[in-house]
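The values are calculated or read from the model by the stated rules, or taken from the named source; none is laboratory data. This one's a predicted model, so the numbers in the text were calculated from it and none came from an experiment. Positions of Cβ are backbone-derived with ideal geometry, glycine not excepted, and every protein chain shown enters the neighbour counts.
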Amino acid sequence: MRTPVIAGNWKLFKTINEATALVKELKSLVAGTSGVEIVVAPVFTALSSVADEIAGSGILLAAQDCFWEEEGAFTGEVSPGMLKDAGCSYVIIGHSERRQYFNETNGTVNKKAKAAIAAGLTAIVCVGETLAERESDKTFTVIESQIMGCLAGLPAESLKQIVVAYEPVWAIGTGKTASEAQAQEVHAFIRELVEKLFGKPHAEAMRILYGGSVKPENVKGLMSQADIDGALVGGASLKADSFAAIVNFMA
């Protein structure tokens, strides 16, 4: 059994006070929840404060990005070890917004994933196609290229520290969601690809999340699919009640 992961990516929202208030409210709403890993990803400045607020609650902390070097003359960057020190157990890598606005490539995602694993973090590695790529029937070509590039050179045993998040770029923040069948088709393709690269046991153990306008109204249907093991939630994670409803999709 793959334990589902419901992760909230807060993007560039929430001051320190707002972030701690949000998780304080969330804690009470998910206090009785079991069988799901709950992850929140605030901005860098709020990580330590949120870590203190969620201590002992079962909610886990993620950062939204990292650099691949542990220290050095890299102004503005944050290393995986520093994230671990701030209380993180997860880090999101290669989100489509990082690729779109900050020139993230499969190569840089690969370096970040290796650095995150070395620091003892679990990397949520994001992949996904644009609307133009889907409409020109390039979805599987794009996903294969991203998985091959992002996971290149990783030893099979390190896959236990990798979670893949499939986020069709055309569904992020647009209100559009891939249909359950569309999402399942790509998730199954990713699992088959991981099996070819690393073997069946690793593919069966890997958790693959869906992201892209996940809401309380559609999470149950998505989670009913055989190869969807959780969700990377954007806007709906910014309010405790909506995120808790997604976390409690089995209720």
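For the reader, a short list of remarks on this structure follows.
- Evaluation of THR3 against (1) in contact with an Asp or Glu (Cβ under 7 Å, 6 or more places away or on another chain); (2) assigned to a loop (DSSP other than H, G, I, E, B); (3) buried (at least 17 other Cβ atoms within 10 Å of the Cβ) (one fails), failing number: (3)
- Single residue of segment 107-135 satisfying the filter (more than 23 Å from VAL5 (Cα to Cα) and modelled with pLDDT of 95 or more) that is surrounded by the most Cβ atoms within 10 Å (Cβ to Cβ): THR108
- Complete set of residues in segment 225-238 that are over 15 Å from the mean Cα position of the chain (by Cα) and without any contact (Cβ under 8 Å) to a residue 60 or more places away in the chain: GLN225, ALA226, ASP227
- Of all residues making up segment 190-203, the number that are free of Cβ contacts under 8 Å to residues at least 24 places away in the same chain and surrounded by fewer than 17 Cβ atoms within 10 Å (Cβ to Cβ): 5
- When restricted to residues that are among the β-branched types (Val, Ile, Thr) and over 20 Å from ALA231 (Cβ atoms), segment 138-165 contains 2.
- Checked against (1) closer than 22 Å to GLY230 by Cα; (2) in a helix (DSSP H, G or I), THR108 passes all but a single condition, namely (1).
- Selection over segment 34-82 of residues that are out of contact with any strand residue (DSSP E or B) (no Cβ under 8 Å at 6 or more places or on another chain), surrounded by fewer than 18 Cβ atoms within 10 Å (Cβ to Cβ) and in a loop (DSSP other than H, G, I, E, B) gives a count of 15.
- Segment 204-241 - residue that is among the hydroxyl-bearing types (Ser, Thr, Tyr) and buried (at least 17 other Cβ atoms within 10 Å of the Cβ) and, of those, nearest to VAL40 (Cα to Cα): SER237
- When segment 88-104 is limited to residues that are in a loop (DSSP other than H, G, I, E, B) and within 17 Å of the chain's Cα centre (by Cα), the one that is nearest to GLN161 (Cα to Cα) turns out to be SER89.
So that you can scan it fast, the table gives a plain yes or no per residue for (1) closer than 30 Å to ILE54 by Cα; (2) among the aromatic types (Phe, Trp, Tyr); (3) touching a helix residue (DSSP H, G or I) at 6+ places or on another chain (Cβ under 8 Å):
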residue	(1), (2), (3)
VAL164	yes, no, yes
VAL194	no, no, yes
PHE198	no, yes, yes
LEU222	yes, no, yes
GLY230	yes, no, yes
ALA240	yes, no, yes
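- Those residues of segment 1-57 which are within 14 Å of the chain's Cα centre (by Cα) and among the acidic types (Asp, Glu), in sequence order: GLU37
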